[in-house]
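Okay, structure first, notes after.
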Amino acid sequence: MLNFKKIGLSITEIADLTKLSRPTMYKYLDMYIEGNGAYIRHDLFLLLEYIDHNENLSKKDVYVFYDEMTKKKG
């Protein structure tokens, strides 16, 4: 399950990283937890999957993953 505290991240930091408002971030987190990933913005869904399925991540790992993922887009 998603554990941002274990990584040292807050919801606000994830929202800032993905350029979403905090309320929108909470809405997407609820959708992810409920299994409604198809309705989540793709880059955020991939980030949440990365966090959810990898143990022992650091804050830096998350930032590097998102940076590399978004570089490939543009």
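Taken together, the values in this text are just the output of simple stated rules run on the coordinates, not laboratory data. On a predicted model such as this, the values are computed, not experimentally measured, just so you know. Neighbour counts are summed over all protein chains in view; Cβ atoms, including those assigned to glycine, are modelled from backbone coordinates with ideal geometry.
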Exactly which trypsin sites (Lys or Arg not before Pro) in segment 1-53 are in a DSSP loop and have at most 14 other Cβ atoms within 10 Å?
LYS19, ARG41
Which of the pairs LYS27/LYS71; LYS19/LYS71; LYS5/LYS60; LYS5/LYS71; LYS19/LYS59 have their Cα atoms more than 20 Å apart in this structure?
LYS27/LYS71; LYS5/LYS71
Over segment 4-73, what is the relative contact order in percent, taking alpha-carbon pairs closer than 8 angstrom and at least six residues apart?
30
Gain in span if fully extended, ASN3 to LYS71, counting 0.36 nm per residue against the direct Cα distance:
21.9 nm
Which of rounded, prolate, oblate describes the chain, given a ≥ b ≥ c as roots of the alpha-carbon gyration tensor eigenvalues and a/c under 1.5 marking rounded, otherwise prolate only if a/b is larger than b/c?
rounded
Give, in nm to one decimal, the length gained when the segment between SER10 and LYS60 is fully stretched (0.36 nm per residue of separation minus the Cα-Cα distance).
16.7 nm
So how much slack lies between TYR39 and ARG22, counting 0.36 nm per residue of separation and subtracting their Cα-Cα distance, in nm?
4.4 nm
Let me have the 222 nm mean residue ellipticity of the chain computed from DSSP H runs of 4+ only, each contributing -39500 (n - 2.57), with the sum over all residues rounded to the nearest 500.
-20500 deg cm²/dmol
